[in-house]
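The values are calculated or read from the model by the stated rules, or taken from the named source; none is laboratory data. As the structure is a computational prediction, the values presented were derived from the model and not from experiment. All Cβ positions, glycine included, derive from the backbone under ideal geometry; neighbour counts span all protein chains shown. Surface accessibility is based on the protein's heavy atoms, side chains included, excluding ligands, DNA and RNA. Shrake-Rupley method; radii C 1.70, N 1.55, O 1.52, S 1.80 Å.
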Amino acid sequence: MGVRTVARRLVVAVAAVVVVASCANEQASAPTSPIASSTAPSRSEGVPDLGVPEVVAQGIEVPWGLAFLPDGTALVAERDSGRILRVVPGRTPEPFFEVPGVVARGEGGLLGLAVRDDYVYAYFTASDDNRIVRFRPGGPVEVVFSGIAKAGNHNGGRIAFGPDGMLYVGTGDAGQPSRSQDPGSPNGKILRLTAEGAPAPGNPTPGSPVLSTGHRNVQGLAWDRTGTLYAAEFGQNRLDEINRIEPGRDYGWPDVEGGGGADRGFADPLLTWSTEEASPSGIAIAGDTLYVAALRGERLWTANLSGADLTAPHDYLRDTYGRLRTVAVAPDGALWLTTSNTDGRGDLRDGDDRILRFPAR
């Protein structure tokens, strides 16, 4: 099918101080605040015992996307270089592919990865927009979706195939909050596409790629065992969110940050943190546990999936490896995690950036 292209973004002049304030929770590490007693349960409340992770790779430059080939080999995207690396425990990472046309500025660059059949999909910032391409190793690169507005911040970037075989895309508002409520813009949305990049059948509005609206900057997508979609949402100054995504729902941005929007027809989040404790990027689900990689919070959060709720949030690795960008479950059940200290916002540690692995349990 043909490439679906939407109107390019308007140029918006924003004072630098406003940009810094609106993005501080996402990108700048800060001293962590004490966790309230309500978010620090005991192990007896069902908190998983993860143990100590294995470092499977180090010296990676701004790792962002993480996906797995059918044989279990990991692919890791370097945001600024545009390279995709092949990572196998016990081996030195090897070059796999370099995505052409990546323009890495600010939070933009080579972002999310996904694998479907024999195609690798990549979301990246190009010269004029954010776009999704696919390719077979050694083959040509095909644009499957373009026209997602780009900016120095709020580019979204997470892509993943859902249980229904459709391609889900988390986008950001590209620094212009009104886009999140504009039904004609793909920004500030979760999109649902076919593998070829067309609007998926069964979307709330026929012919539209939009699944849900009112998002500020989505960088985490995961499904539970029932096929329910969850997404991580960067807040602005107060509260970060985990949302259960329902087709056609509006998640409130820019009118609402955090909860309190239900009486106005917005969907409220299931779980929130203060921005200094989280800035959630990638998320993953294994069994009845949700895992959340926190950037500014510099920790790995977990929460229990309990019916319609997320309960007993607990944190791991606080201040141990620095900023955490992506978490994913490998085909063998192991939990993989990437750090993000070389992105200019973290405190560098020897060996950064790392790829970590918790063995399957």
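Any idea how far the Cα center of the range 207-246 sits from the one of the range 161-189, in Å? Between the Cα centre of the range 207-246 and that of the range 161-189, the gap is 9 Å.
Local charge for Gly51 was computed over the other residues whose Cβ lies under 12 Å away, with Lys and Arg +1 and Asp and Glu -1, and equals 0. Tally Lys/Arg at +1 and Asp/Glu at -1 over every other residue whose Cβ is under 10 Å from the Cβ of Val87; what's the total? It works out to a net charge of +2. With a cut-off of 18 Å, note down the residues of the range 76-116 whose backbone N falls inside the zone around a label point 7 Å from the Cα of Glu54 toward its beta carbon. Only 76, 86-94 fall inside the zone, counting backbone N under 18 Å. Of the residues His154, His314, ranked by 1.4 Å probe accessible area with the largest first, the sequence reads His314, His154. Among Thr205, Thr125, the sequence by solvent-accessible area, most first, with a 1.4 Å probe is Thr205, Thr125. Semi-axes of the equivalent ellipsoid for the range 241-361, computed as √(5λ) from the eigenvalues of its C-alpha gyration tensor and ordered from largest down, come to 27, 18, 11 Å.
Remark: C-alpha extents of the range 132-195 on the principal axes read 39, 27, 17 Å, sorted largest to smallest.
Distance between the pseudo-spin-label points of Asp128 and Arg318 (7 Å out from Cα toward the beta carbon): 4.8 nm. The residue list Ala231, Tyr321, Pro331 was ranked by how far each Cα lies along the charge dipole of the range 209-361 toward its positive end, using unit charges on Cβ atoms, and Pro331 comes out on top.
The charge dipole of the chain, taken about its Cα centre with unit charges on the Cβ of Lys, Arg, Asp and Glu (plus for the first two, minus for the last two), comes to roughly 560 debye. With 0.36 nm allotted per residue and the present C-alpha distance subtracted, the Ala360-Asp118 stretch has 84.6 nm of extension available.
Over the range 241-312, the pair-distance histogram of Cα-Cα distances with 10 Å bins from zero comes to 19, 47, 31, 2 percent, rounded to whole numbers.
Rg/Rh for the range 191-307 (Cα atoms only, Rh after Kirkwood) is 0.97.
Counting only protein heavy atoms and using a 1.4 Å probe, what share of the accessible area of the chain belongs to carbon plus sulfur, as a whole percent? The value for the chain is 50 percent carbon and sulfur by accessible area.
The mean accessible area for residues of the chain, using a 1.4 Å probe and ignoring ligands and nucleic acids, is 39 Å² per residue. Computed on the Cα trace of the range 135-245, the radius of gyration divided by the Kirkwood hydrodynamic radius gives Rg/Rh = 0.97. Taking Rh as the Kirkwood radius, which is the inverse of the mean 1/r over Cα pairs, what is the Rg/Rh value for the chain? Rounded to two decimals, Rg over Rh is 0.93. Only helices enter this figure: runs of n ≥ 4 DSSP H residues, each worth -39500 (n - 2.57), summed and divided by the residues of the chain, yield -1000 deg cm²/dmol at 222 nm to the nearest 500.
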